[in-house]
Amino acid sequence: MADDLLASVRARARANLFWAYLGIEVEAAGEGWVRLRVPVRDELRNAAGAPVHGGVLATLVDAAVGGALGTYGTASSGGIDQATLDLNVSFVGAARGDAILAEGRILRRGRTIAFGETRVTDSAGNLVAVGRATYMITSPRA
């Protein structure tokens, strides 16, 4: 079951064009949580050798909460549409190294609203950002 869920979440992630553009990979997933990984490359920085741009970190907060929401039931196969209603990110350090990891969890999920949080670390395990996102859950489109 866990392997099926991970495969389904990975397939959904591969279908997301923006995730592909950024290089977001699904490293692990379980019901209500995901761990994402992004290999660091110069295009994700303000300049060669600089820390990763804060917009990438904010995107990972959003993506990890959205990915975690996508693990529930038919959502992992694309059966639930979702949209970010609110996003809050606190930057606490510079992301350095060869990868960034984001672990997102759903804190509470209702019928139409879900709340989640994400911790973003660099490949050395240094905390670089934390954030929360609120999502609206809508019925699947026909």
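Of note:
- The stretch between Asp42 and Arg105 holds 19.8 nm of extra length on full extension. This uses 0.36 nm per residue minus the Cα-Cα distance.
- Total formal charge among the other residues, if their Cβ is under 10 angstrom from that of Leu36, Lys/Arg +1 and Asp/Glu -1: -1
- Extension gain, Asn16 back to Asp4 (0.36 nm per residue minus Cα-Cα distance, nm): 2.4 nm
- About its Cα centre, the dipole of segment 11-142 is roughly 280 debye, where the only charges are +1 on Lys and Arg Cβ and -1 on Asp and Glu Cβ.
- Ordering 57-63, 118-124 by mean Cβ neighbour count within 10 Å, with the highest value first, yields 57-63, 118-124.
- Protection proxy ranking of 100-109, 9-18, 42-51, by the mean of other Cβ atoms within 10 Å over each peptide's residues and highest first, is 100-109, 9-18, 42-51.
- Of the residues Ala13, Gly23, Val92, the one whose Cα sits farthest towards the positive end of the charge dipole of segment 1-123 is Val92 (charges of +1 on Lys and Arg Cβ, -1 on Asp and Glu Cβ, taken about the Cα centre).
- If you take all other residues with their beta carbon under 10 Å from the beta carbon of Leu107, and give Lys and Arg +1 and Asp and Glu -1, the sum is +3.
Every number here is computed from the coordinates shown, using simple stated rules; none is lab data. All of these numbers come straight from a predicted model, not from anything done at the bench. So basically every Cβ, Gly included, is an ideal-geometry build from the backbone, and we count neighbours across all protein chains shown.
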